[in-house]
Amino acid sequence: GKAYDDFVLREYLVYKLFSVLTDTSFRVRLLRIEYIDTHKERKPIKQYGFFIEPLDILTLRTQSSIVKVTRLTQKNIVPALMDRVAIFSYMVSQWDWAVPGLQNISVIVPSNYAGTGLGVAVPYDFDLTGLVNASYGFPDAATGLTSNRDRKYVGICRSREEFAGALEEFKNLKGAFYSVINDFPLLEQRSKKDITDFLDQFFSQLDNQKEMERLIAQFMTSCKPL
């Protein structure tokens, strides 16, 4: 129904938002699908969906190789790029991810990182994020979260200076993020407002030095030790 169409369009936008940060992201293509009951017992149903770029095509496009080993940690990811994924996950409230076990994360090694022992994390499967705010999924109790819209930073621990530098990238791209949402013609205005209000909670902390320091302190409290 209409509500689930909204969930699909929102998840599609999360992929587009991550693509603002980097080309090492899954490309997506929106679809309008007509489901036909071959038994002719009900009328055709039209709903939105999207294709996700296959991993082997992503690696070909980015001149990368696929890492299939699941015994990885965030230490195996290029530090600045790992922080980017972790902060993005915090921004959209993506709690359902982990590098160990490759939980909703693919790891690739672009040719320029070959031989370094480090890879690049590419996140996917965003339907349970706070930005989508789907009615059918809730955080596991073990996360300590009570709502899809609760944010918790679970990236690796860095210095205050490193966190500040990583957050500056997001601050500089705020306009590009909001354009992805506001320029998307298929999403209703109330959904756009809901999403931008949700993102405002994050970006308002970047626009004020004291709030930025408070956010960094929060990261340093919940982050994973090196």
Looking at Arg61, Arg32, can you tell me which residue is surrounded by fewer than 18 Cβ atoms within 10 Å (Cβ to Cβ), basic (Lys, Arg) and closer than 30 Å to Arg158 by Cβ?
Arg61
Contact list please: Cβ distance under 7 Å, first residue in the stretch 1-24 and farther than 22 Å from Arg190 by Cα and in contact (Cβ under 8 Å) with a residue 12 or more places away in the chain, second residue surrounded by 20 or more Cβ atoms within 10 Å (Cβ to Cβ) and of a type in the set (A, V, I, L, M), pairs at least six apart or on different chains.
Thr24/Val120; Thr24/Val122
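Rundown of residues vs (1) acidic (Asp, Glu); (2) closer than 18 Å to Leu21 by Cα; (3) touching a residue at least 40 places away in the same chain (Cβ under 8 Å), yes/no style:
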{"site": "Ser159", "(1), (2), (3)": "no, no, no"}
{"site": "Glu169", "(1), (2), (3)": "yes, yes, yes"}
{"site": "Lys174", "(1), (2), (3)": "no, yes, no"}
{"site": "Met212", "(1), (2), (3)": "no, no, yes"}
Residue hits (the stretch 113-154; closer than 19 Å to Asp5 by Cα, in contact with a helix residue (DSSP H, G or I) (Cβ under 6 Å, 6 or more places away or on another chain), at pLDDT 95 or above and not aromatic (Phe, Trp, Tyr)) are Asp127, Thr129, Leu131, Val132
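Taking the condition closer than 29 Å to Gln74 by Cα and open to solvent by 20 Å² or more (accessible area, probe 1.4 Å), does Leu173 pass?
Working: closer than 29 Å to Gln74 by Cα: yes; open to solvent by 20 Å² or more (accessible area, probe 1.4 Å): yes.
For Leu173, the condition - closer than 29 Å to Gln74 by Cα and open to solvent by 20 Å² or more (accessible area, probe 1.4 Å) - is met.
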Of Ser89, Ser65, the only residue that is within 17 Å of the chain's Cα centre (by Cα) and either part of a strand (DSSP E or B) or of a type in the set (Ser, Thr, Tyr) (or both) is Ser89
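Tell me, yes or no, whether the stretch 93-107 has at least one residue that is β-branched (Val, Ile, Thr), surrounded by fewer than 16 Cβ atoms within 10 Å (Cβ to Cβ) and outside any loop (DSSP other than H, G, I, E, B).
First, pick out the residues of the stretch 93-107 that are β-branched (Val, Ile, Thr): 99, 105, 107.
When the remaining residues are screened for being surrounded by fewer than 16 Cβ atoms within 10 Å (Cβ to Cβ), the result is none.
No; the residues of the stretch 93-107 include none that is β-branched (Val, Ile, Thr), surrounded by fewer than 16 Cβ atoms within 10 Å (Cβ to Cβ) and outside any loop (DSSP other than H, G, I, E, B).
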Residue among Pro139, Pro185 that alone is without any contact (Cβ under 8 Å) to a residue 12 or more places away in the chain and either outside any strand (DSSP E or B) or of a type in the set (A, V, I, L, M, F, W, C) (or both):
Pro185
Do any residues in the stretch 29-53 that are closer than 28 Å to Pro123 by Cα have Cβ atoms under 9 Å from those of residues that are of a type in the set (A, V, I, L, M, F, W, C) and open to solvent by 100 Å² or more (accessible area, probe 1.4 Å), where the two are at least six apart or on different chains, and which pairs are they?
Arg29/Phe51; Leu30/Phe51; Leu31/Phe51
Looking at Ala121, is it within 24 Å of Leu215 (Cα to Cα), in a helix (DSSP H, G or I) and not basic (Lys, Arg)?
no
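The values are calculated or read from the model by the stated rules, or taken from the named source; none is laboratory data. Keep in mind it's a predicted model, so treat the numbers as computed, not measured. We place every Cβ from the backbone using ideal geometry, glycine too, and count neighbours over all the protein chains shown. Only protein heavy atoms, including side chains, enter the accessible area calculation; ligands, DNA and RNA are left aside. Shrake-Rupley method; radii C 1.70, N 1.55, O 1.52, S 1.80 Å.
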